[in-house]
1. What quantity of accessible surface, computed with a 1.4 Å probe and excluding non-protein components, is buried in total between chains B and A, in Å² to the nearest 100?
2. Tell me, what is the percent relative contact order of the range A:64-258, built from C-alpha pairs under 8 Å that lie six or more residues apart?
3. In chain B, which whole DSSP H runs stretch at least 27 Å along their own axis (Cα) and average -1.0 or higher on the Kyte-Doolittle scale?
4. Treating only the Cα positions of the protein assembly as shown as identical point scatterers, give the base-10 log of I(q)/I(0) from the Debye formula at each q in 0.07, 0.10, 0.12 Å⁻¹.
5. Give the ranking of B:Phe104, A:Phe108 by solvent-accessible surface, highest area first, calculated with a 1.4 Å probe.
6. As a check on your grasp of the helix formula, calculate [θ] at 222 nm for chain A: sum -39500 (n - 2.57) over DSSP H runs of n ≥ 4, divide by the residue count, round to the nearest 500.
7. Quick check: Cα centre of the range A:83-113 to Cα centre of the range B:151-196, how many Å?
8. Test of understanding: extend the Cα→C-beta vector of B:Ala222 to 7 Å, then name every residue of the range B:28-65 with backbone N under 15 Å from that spot.
Amino acid sequence: MALFRPLEPVSQRARIVLGIAFFIVFFAVWAVATLGGYVSKTFLADPITMVKDGWILLTKFGFAHDIGMTVWRVLGGFVLAAIIGVPIGILMGAYKPIEAFLEPFVSFARYLPASAFVPLLILWAGIGETQKLLVIFIGSFFQIILMVAVSVSNTRRDLVEAAYTLGSTSAGVVRRVLIPANAPDIAEILRLVLGWAWTYVIVAELIGSSSGIGHMIIESQALLATGQIIFGIIVIGVIGLISDLFFKFVNRHFFAWRLS
Amino acid sequence: MTMDAILRIEQVSRIFPSVSKRPPVRALEPTDLTIARNDFITILGPSGCGKSTLLRIVAGLDTPTNGRVVLDGRAITGPGPDRGMVFQSYTLFPWLNVADNIAFGLRERGVSEAIIRETVAEYVAKVGLRGFENHLPKQLSGGMQQRTAIARALANNPEILLLDEPFGALDNQTRGLMQELLLGIWERERKTVIFVTHDIEEAIFMASRVIVMTARPGRIKADIAVDLPHPRHYTVKTSPEFSALKARLTEEIRAEAVLAAEAH
Ligand SMILES: Nc1ncnc2c1ncn2[C@@H]1O[C@H](COP(=O)(O)OP(=O)(O)OP(=O)(O)O)[C@@H](O)[C@H]1O
Ligand SMILES: [Mg+2]
């Protein structure tokens, strides 16, 4: 009973056991549905076929290279968007005239769906790497700016005032209050946006590409190889999980002051 | 009477403009107050009478609707390190440990690290936080946080120290100890201090002068010198002179508290 009190914490061990337990349940349900013959093989491969297909993809078809290409595209576009977007977001949150100047346009641009730009970007940049990076950049850049700006705008006013009474200049307030105060939130924003960047890259690779996880998925569809498709999707999930763990690690090490 | 005035508050008033059809708030009536160098002034008044407003104007965090504040002959136009401030809410930088919080102002002014280390050690000792230099604010009690905030303001060597009900959220025992600590520092260093409170005993115990404010709109109602000898020990709170002052201030403030209560 005590386990189910609201907001009651669980031990680290119980957390890991429970987290793994769900994956086991998930695979079990999937295995029963497919191996038990409840779902046709044409629509959904069973876990064993998936693992076999994955192995063949990796050993015979150089799928590792596709994975590498996709990761490179996501990171390239995302890092570029973060390097330019975070400083603009901070300036926008800190300085209201800059906010008044940029906010309406950025809000508008944020709603432009990155995937809808794919055909246009193919016309502009061809189907090379530039086009892939641009899709991810467009999808991430405006989101990052806006979310960082909102976070910086909401900085505790009393901390800013305290800094002024200690002699900070306005540049000092940005550098020594606004940035450190919002660094954990900015890390969290980047984690979220990186997750979205993954969906953009797959869309970009589905439409015009000769390599990448998305390219493999679309080829597999033509061959009705659902095992390969699912393997591709699971690879994306696993990479996402790893990047999440990385961000959690960063948070724990650099932003211990924020953890309760 | 001549005095070496450090701060002049001249006809300072503050009206908060109306928002969404509500009438404007007259927080502070035109107020005059001259503060002598090395004095410990307490400002006493009921909740909502404009004490914080007045202090924030002196700090430069708010601008008066009329009038001006002059510090050492220069009119105040904004906040600066010459006026250290300790806030009612806890305003330590949560990402910095005690030592780095105390060093904040010194770092902003580009003081050398050697001098910073020396100064931080000095003020850590003065507020009794030895051994806690590496603690984060969230690891400190409320009293320790406010002691750090006082050290942070003093380490910057301001001309004048402003405190806005710094011990308001503390329990009675801790509050008593903090009063002694702050008074002890003042008795040794004789900084000019303006201390806002709504606690009568606190106002008398530390002050050389108590300013009583009226209920909203705030105005100065009484200006009472406290001649209790220094160094003051906490036992002074039970002396007849203290009781007499307390009785007098209780009368003054009670009338205002009644008015304030009726207004709501
Ligand atoms: N930014 C603001 N906008 C509008 N009204 C305000 C603002 N700040 C303060 N006031 C009003 O001005 C009056 C005085 O406020 P102030 O904070 O100075 O009171 P105080 O004496 O410090 O009270 P307390 O003891 O509760 O802290 C209050 O009625 C308050 O509602
Ligand atoms: Mg107040």
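The values are calculated or read from the model by the stated rules, or taken from the named source; none is laboratory data. Model, not experiment: these values are computed from the prediction. Neighbour counts run over all protein chains shown; Cβ positions are idealised from the backbone, glycine included. Keep in mind that these areas ignore ligands, DNA and RNA; they rest on the heavy atoms of the full protein, side chains included. Shrake-Rupley method; radii C 1.70, N 1.55, O 1.52, S 1.80 Å.
1. On the way: alone 12870 and 15620 Å², together 26550 Å².
Summing both chains' loss of accessible area gives about 1900 Å².
2. So the answer I get is 27 percent.
3. Numbers: long enough: B:240-263 (34 Å, 0.08).
Counting only whole DSSP H runs, the qualifying helices are B:240-263.
4. Debye intensities relative to I(0), on a log10 scale: -0.59, -0.91, -1.12.
5. Final ranking, largest accessible area leading: A:Phe108, B:Phe104.
6. Working: 11 runs with 199 residues, N = 260.
The helix contribution divided over chain A gives -26000 deg cm²/dmol.
7. Centre-to-centre distance over Cα atoms comes out at 42 Å.
8. Answer for the range B:28-65: B:42-46.
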